[in-house]
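Colleague: Before anything else, here's the structure in question.
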Amino acid sequence: MRHDTRVAIIGGGIGGLALAALLQRQGFLRVTVHEQAAQLARIGAGIILSGNAMKVLRRCGVEDALLATGIRPSAFTSRDWMTGGTSYLMPMDATAEARFGAAFLNIHRADLLRILVSALAPGTLRLGQKLAGIEETPGGVRIGFADGSATEADIVVGGDGIHSRLRAILLGEAPPRFTGRLAIRAIFPTARLGGLAMDDCTKWWGADRHALTYFMTGRRDEVYVMASVPGEWQGDDLSRPLPREAFLGHFDQAAPELRRIAEGAVECAVWPICDRPRDDRWFAGRAVLIGDACHPVRPYMAAGGASAVEDAAVLARCLDGFDTPDAAFAAYAATRIPRVAEVQRISIANTWMRGPTEDLDWFFGHDACTAPLAALEPAA
Ligand SMILES: Cc1cc2nc3c(=O)[nH]c(=O)nc-3n(C[C@H](O)[C@H](O)[C@H](O)COP(=O)(O)OP(=O)(O)OC[C@H]3O[C@@H](n4cnc5c(N)ncnc54)[C@H](O)[C@@H]3O)c2cc1C
């Protein structure tokens, strides 16, 4: 498509910001990102960026800043929730980086977003713009926001996450599927570990729960603890504060080392873990979805953000390589759907990196910026 195509991206999350950065670097001149939040705050959680995500983020021009801020863990370790015994240890050393083509990085999500924003042309990100509705016009699409303002674009991209408004507009209202599990989390300074030598990045596997513990900065001064535990959720709120005692209660049966790490928590939060059944309708008319808006996964493979970033890479290539939105969107969806379906399947099974049997290369080694695009059937 022409480089003066007006591309409006809804949602300044991981996928939306990566897409904007990639399009601008490819020469698209009229890219805007419309984010509902009024400001970017350093709240949230940690995120693991595997080599496949980092290769795309390299193309966004942010690899060095990410490496300078986050941490390259020395290894990913799988341990038993109760005994602490190690079932798998994958060194994330120079050999692994050469094998996968990029580093494996852990970082605070807000640092990732801030660094992505810094890669955008000034004025690209429009804060406080919550999508309300869209309307196709003869010349494009009119995008209306909750505050009554509106803008026009040639195409609109929904990077607006698991509760995507654009998805609801295209496919109808349907709430995400609650999985019967809660994510509990805490972030705290490493000094609270009282000298305990914590491994860089560990997944603790229990019978009905698991936890991830890792540092989020290269200085190893900030710890992230996240656990998936069984539970109920009532109400529409997306997350809630969790009393520290309730948080620690979930670690009653944990190995002493895991329990000690959890005890570092001060402020804790809980939110419901949701996904959606697979649905391959990713675009309609001038609108297309990326990331959690079209394929939210359970966060058990640490692959949802990475998949959103891969979507961004493939969609950016397709917008550059095809003449019409229809052709670009069809090539994008056909390329991405089989790979994302596999990520969804593994995320539900929750087996990724539990033991040494997994083939890691198809996921970590993938480069969405260069991998072949799906061949499309010629139009009848
Ligand atoms: C507990 C947990 C741990 C995870 N850990 C990892 C991990 O380690 N590695 C990994 O790769 N993935 C991980 N994920 C998954 C990952 O967070 C998501 O898959 C990823 O954030 C999806 O990116 P996105 O760009 O599609 O959406 P998001 O990053 O959710 O961004 C959506 C954006 O859209 C905005 N928005 C929403 N509605 C509107 C609207 N109406 N108008 C305008 N803006 C709107 C939101 O404010 C937000 O900024 C985890 C998820 C969870 C729940």
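The values are calculated or read from the model by the stated rules, or taken from the named source; none is laboratory data. The structure displayed is predicted, hence computed values, not measured ones. Please note: Cβ atoms are built from the backbone with ideal geometry, for glycine as well, and neighbour counts cover all protein chains shown. These area figures cover heavy atoms from the full protein model, side chains too; ligands, DNA and RNA do not enter into them. Shrake-Rupley method; radii C 1.70, N 1.55, O 1.52, S 1.80 Å.
Colleague: Quick one: net charge around S78, please, counting Lys, Arg +1 and Asp, Glu -1 for every other residue with C-beta under 12 Å from its C-beta.
Modeller: 0
Colleague: At a 1.4 Å probe radius, carbon and sulfur cover how many percent of the accessible area of segment 45-142?
Modeller: The nonpolar share, carbon plus sulfur, comes to 53 percent.
Colleague: Stokes-Einstein at 4 °C, 1.567 mPa s, Kirkwood radius from Cα pairs: D for segment 221-344 in µm² s⁻¹?
Modeller: 75 µm²/s
Colleague: Summing +1 for each Lys or Arg and -1 for each Asp or Glu, what net charge is found among the other residues whose Cβ lies under 10 Å from the Cβ of Y332?
Modeller: Summing Lys and Arg as +1 and Asp and Glu as -1 gives +1.
Colleague: Taking θ = phi - 60°, what integer Hz values does the Karplus form 6.51 cos²θ - 1.76 cosθ + 1.60 yield along segment 358-372, in sequence order, with x for Gly and Pro?
Modeller: Coupling constants for segment 358-372: 6, 8, 7, 5, 4, 9, 5, x, 5, 10, 5, 7, 10, 4, x Hz.
Colleague: When ranked by the protection proxy of mean other Cβ atoms within 10 Å per residue, highest first, what sequence do the peptides 230-243, 129-142 form?
Modeller: Taking the mean over residues of other Cβ atoms within 10 Å, the ranking is 129-142, 230-243.
Colleague: Can you give the calculated 222 nm mean residue ellipticity of the chain, where each DSSP H run of n ≥ 4 adds -39,500 (n - 2.57) and the sum is split over every residue, rounded to the nearest 500 deg cm²/dmol?
Modeller: Calculated mean residue ellipticity at 222 nm is -9000 deg cm²/dmol.
Colleague: Hey, another quick one. Which semi-axis lengths, in whole Å and largest first, follow from the square roots of five times the eigenvalues of the Cα gyration tensor of the chain?
Modeller: 35, 22, 20
Colleague: Still on this structure, please answer the following. Restricting attention to the alpha-carbon atoms of segment 135-274, what are Rg (one decimal) and Dmax (integer), both in Å?
Modeller: 20.4, 65
Colleague: Hey, can you grab everything whose amide H is under 5 Å from the amide H of C201? Only 5+ residues off in sequence or another chain; H modelled, so Pro and N-termini drop out.
Modeller: The list, which skips near neighbours in sequence, is A75, T77.
Colleague: Another question, then. Spelling out what I want: for every residue of segment 117-133, take phi, set θ = phi - 60°, compute 6.51 cos²θ - 1.76 cosθ + 1.60 (Karplus), and round to whole Hz; glycine and proline get x.
Modeller: Once θ is set to phi - 60°, the couplings for segment 117-133 become 4, 5, 8, 8, 4, x, x, 5, 8, 10, 7, x, 10, 9, 4, 10, x Hz.
Colleague: Around R126, which amide H atoms from residues at least 5 apart in sequence, or from another chain, sit under 5 Å from its own amide H, with H modelled in the peptide plane?
Modeller: V33, H34, E35
Colleague: Hey, what's the chain come to in accessible area per residue, 1.4 Å probe, Å²?
Modeller: In whole numbers, the chain has 41 Å² accessible per residue.
Colleague: Sorted by accessible area (1.4 Å probe), largest first, how do T351, T32, T86 line up?
Modeller: So, going from the largest accessible area down, we get T86, T351, T32.
Colleague: Now a separate question. For A20, what is the net charge nearby, where nearby means another residue's Cβ is under 12 Å from its Cβ and Lys, Arg count +1, Asp, Glu -1?
Modeller: Taking every other residue near A20 into account, the sum is +2.
Colleague: Compute the helix-to-body angle for 304-321: its Cα long axis versus the longest principal axis of the chain, expressed 0 to 90° and rounded to tens.
Modeller: Roughly 20 degrees between the two axes.
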